[in-house]
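Data first, discussion second: the structure below is written as structure tokens.
Nothing in this text is a laboratory measurement; each read-out follows from the coordinates by a stated rule. On a predicted model such as this, the values are computed, not experimentally measured, just so you know. Here the Cβ is made from the backbone with ideal geometry for all residues, glycine too, and neighbour counts use every protein chain on show.
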Amino acid sequence: MNTLDVLKELLTQVAPVTFHVSETKPAPYIHLIQLPGVPTGRSWESIDRIQVDIYAEGYDPAQDLASEASKLLTGNAETSFGLVDQLEAEIPFWHEAIESDTINKFSATYLVTYRL
């Protein structure tokens, strides 16, 4: 299962999703990055780690989008790619300082558990 595509499908409800950051891309948008996974010790299960970065103009709009995203990324999910057994925040959304006077960034790391 391609967990980046799964999260893109879920998070497109919140804002446009991309796999590449661009200074010319208009905010708001969500950037997804696959991180090294977590070994499970179970032959039938995989856990992927995904970093979710939300960019928006202003602190409050960025925080609101992070709140919406965190509600979608909780529990399990049925997607066109298959069933995700569990979505959980490994590191919940937090405000990350970036060099911009207008754009704010909230980042989180999620664990995506699914059956092989």
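Label-to-label distance, Glu57 versus Leu4, with points set 7 angstrom from Cα along the beta-carbon direction: 2.8 nm. On a 0 to 90° scale, report how tilted helix 59-72 is relative to the longest principal axis of the chain, with both axes built from alpha carbons and the result rounded to the nearest 10. So the helix axis and the longest Cα principal axis differ by about 10 degrees.
Distance from the alpha carbon centroid of region 1-44 to that of region 85-116 works out to 10 angstrom. Stretched out fully, how many nm does the piece from Glu78 to His95 gain, at 0.36 nm a residue minus the Cα gap? Computed gain between Glu78 and His95 is 3.2 nm. Relative contact order of region 1-68, taken over Cα pairs closer than 8 Å and 6 or more residues apart, is 28 percent. For the chain, averaging the sequence separation of C-alpha pairs within contact (under 8 Å, six or more residues apart) and dividing by the residue count gives a relative contact order of 27 percent. If only the Cβ of Lys and Arg carry +1 and only the Cβ of Asp and Glu carry -1, the dipole of region 3-115 around its Cα centre is close to 340 debye. With contacts taken as Cα pairs under 8 Å at a separation of at least 6 residues, region 29-74 carries a relative contact order of 34 percent. Restricting region 3-89 to trypsin sites (Lys or Arg not before Pro) that sit in a DSSP loop and have at most 13 other Cβ atoms within 10 Å of their own Cβ leaves Arg42.
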